[in-house]
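First the structure, in the form of structure tokens, and then the observations on it.
Since every read-out is calculated from the coordinates, none of them should be taken as a lab result. The structure displayed is predicted, hence computed values, not measured ones. Because the Cβ atoms are built from the backbone with ideal geometry, glycine has one as well, and the counts that use them run over all protein chains shown.
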Amino acid sequence: MKTIPVILVSICLLLSCSSSKNIAYFQYSGNRAAFSDSSATSETKLKAGDLLIITVNSTSPEVAVPFNLPTVPLPASSSSTTANPVATGTIALQNYLIDKDGTITFPVLGKINAAGMTKLQLADYIKNKICPHYIKEMPIVNIRYTNYKISVLGEVNKPGIYTIDNEKINLLEAIALAGDLTIFGIRDNILLIRDNDKGQRVTFEIDLRDRNIVNSPLYYLHQNDILYIQPNKPKARSASFNTGESMTLSAVGILISVASLVTLLVKK
């Protein structure tokens with residue numbers, strides 16, 4: 001009979017250790033920032049980890065050659081969808097990686113602190129460093145991302161990571177790419193996760209019901225932005241119910257087994 005209390009205590013511990021988990025991915029606020037934060041801007045600024053193609057051109061092509069990375073031939077198996085390096089016919093342009101310290105190493109000019117600049121600002125900086133110090137004519141500098149992507153997660157029909165070729169996408173276009181929100185997605189509290197200039201992640205809450213969202217500095221997304229659409233309460237309750245239902249069935253099975261064991265012990 002002494003074994004009965006031990007068995008009952010074990011059952012209580014098993015049941016108390018089990019709990020249904022919240023279906024939402026992000027359960028904590030983290031660094032929630034106001035629109036006044038420097039990250040809440042429609043201008044995408046360069047940051048560590050960005051991959052760039054930078055080309056320098058001039059009316060005299062030969063004078064621009066020293067300021068460009070050498071091209072590399074593509075293997076026969078490579079295709080135009082290769083992300084790194086970027087294909088241009090039978091050759092590929094090499095990438096500049098913005099290092100953790102925010103710099104790139106540029107031919108002739110050396111290290112340039114690129115993080116925190118926009119593409120236009122970096123292009124102007126390079127042009128003014130080249131002309132008139134190295135060439136008399138103002139060159140043309142083009143800059144493109146090779147890893148411009150966003151992620152859309154949660155209650156959408158096609159969650160995933162999307163590469164944005166034209167380097168410009170707004171909130172509604174991103175949602176459209178992901179097949180729109182499901183009927184379970186919360187419209188008034190979409191979570192936007194963004195890396196700021198210092199490499200820190202900040203979060204913003206977006207209300208799709210607000211028609212003024214198109215005027216928000218968050219309306220246009222940045223490179224590496226993450227959108228998370230949280231489930232509404234009915235969906236969360238449904239998931240919790242399904243989990244709880246399976247737990248209940250397991251508990252009932254345990255109780256029946258224990259009851260049978262107790263009955264046998266009592267009879268003895």
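Brief remarks on what is shown
- Per residue Cα convex hull volume in Å³ - calculated over region 149-229: 85
- Charge sum, other residues only, whose C-beta stays under 12 Å from ASN166's C-beta, Lys/Arg counted +1 and Asp/Glu -1: -1
- Phi angles of region 93-107 translate, via the Karplus equation with coefficients 6.51, -1.76, 1.60 and θ = phi - 60°, into HN-Hα couplings of 8, 7, 9, 9, 9, 6, 5, 4, 7, x, 10, 10, 9, 9, x Hz per residue; Gly and Pro are given as x.
- Going from the fewest other Cβ atoms within 10 Å to the most, the residues MET117, MET138 appear in the order MET138, MET117.
- PRO139 sits among other residues whose Cβ lies under 15 Å from its own Cβ, and their net charge, with Lys and Arg +1 and Asp and Glu -1, is 0.
- For region 122-223, trypsin sites (Lys or Arg not before Pro) are listed when DSSP marks them as loop and at most 10 other Cβ atoms sit within 10 Å of their Cβ; the list is LYS136, ARG209.
- Remark: the GLU173-LYS149 segment gains 7.3 nm on full extension, using 0.36 nm per residue and subtracting the alpha carbon distance.
- Contour minus Cα-Cα distance for LYS233 and ILE256 (0.36 nm per residue): 4.9 nm
- Under the combined filter of DSSP loop state and at most 15 neighbouring Cβ atoms within 10 Å, region 117-200 retains these GluC sites (Glu not before Pro): GLU137, GLU167.
- Using the Cβ-Cβ distance between ILE135 and ASN113 with R0 = 30 Å, the FRET efficiency computed as 1/(1 + (r/R0)^6) comes to roughly 0.85.
- Aspartates and glutamates whose Cα lies under 18 Å from that of LYS45, excluding same-chain neighbours fewer than 8 positions away: ASP37, ASP99, ASP101, ASP124, ASP165, GLU167, ASP195, ASP197, ASP225
- Long pairs among LYS149/LYS233; LYS158/LYS198; LYS47/LYS149; LYS47/LYS158, criterion Cα-Cα beyond 21 Å: LYS149/LYS233; LYS158/LYS198; LYS47/LYS158
- Residue-count net charge about LEU221 - beta-carbon cut-off 11 Å; Lys, Arg +1, Asp, Glu -1: 0
- For region 207-219, putting each phi into the Karplus relation 6.51 cos²θ - 1.76 cosθ + 1.60 with θ = phi - 60° gives couplings of 9, 5, 6, 7, 5, 7, 4, 5, 9, 6, x, 8, 5 Hz, in residue order, rounded to whole numbers and with x for Gly and Pro.
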